[in-house]
Amino acid sequence: VRNAAANAAIWSPSLALYLVLTGTIVSSPDGVTWTTRSAIGLNGIAQGGPNVVAVGGAAARFSADGITWGSATGFAITGVGAAWTGSNYVVAGNTTNTRISATGAAWSPGAALPATLSSSQQLVYSSSLGYALIIGNVSVGGAPFAATSVDGSSWTDRSATMPAGIWRGGLVLTS
């Protein structure tokens, strides 16, 4: 874990593990002792439903226990952000592509985003608001971008409400 930038991190109360993505998946029960779990270029992670899901490059991994990781099928996008919506995992890529999955093991195309995004984005879900939020920059011109979705099957563009220059990376939204 030393000398590696963290792309994403979560605490999983049900697994009693910290899971951190540094290009690989590493886990810790206490934040002190770390174990490498899967070596793949990953940069988005989500938990909820039956599994924890990690995405990056053109691959997705899933795990019921945070220790053993399987390779997902049908994941043919460059996944950057991931979220659990209460019914589906939703993954957004660095284009207009999205994918959805009930378990994280098998993926199908989701609705296209209303704009082509650069790779700097975040995807999060709020159970109290009842929708996922993706935030980032449009790939041409770098304008701020935001869209919401209940389950990844359709997206509503919320970019008009974004102040200029607001996105510079990192977003945390809790329920």
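Any read-out appearing in this document is the output of simple, stated calculations on the displayed coordinates, not a laboratory observation. Just so it is clear, the structure is predicted and the values come from calculations on it, not from any experiment. Virtual Cβ from ideal backbone geometry, glycine too; neighbours counted across all protein chains shown.
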Counting only other residues whose beta carbon sits under 14 Å from that of residue 12, what net charge do I get with K and R as +1, D and E as -1? -1
For an R0 of 45 angstrom, estimate the FRET efficiency from the Cβ-Cβ distance between residue 35 and residue 129 and round to the nearest 0.05. 0.85
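What is the local net charge at residue 25, summed over the other residues whose Cβ is closer than 10 Å to its Cβ (Lys, Arg +1; Asp, Glu -1)? Let's see the in-between values first.
On the way: positive: 37, 61; negative: none.
Residues close to residue 25 contribute a combined charge of +2.
Can you give the percent of C-alpha pairs in the stretch 24-112 whose distance is more than 20 Å? Mind dumping the intermediate values first?
On the way: 1058 of 3916 pairs.
Everything past 20 Å amounts to 27 percent.
Counting only other residues whose beta carbon sits under 13 Å from that of residue 75, what net charge do I get with K and R as +1, D and E as -1?
Details: positive: 61, 99; negative: none.
My count for the surroundings of residue 75 gives +2.
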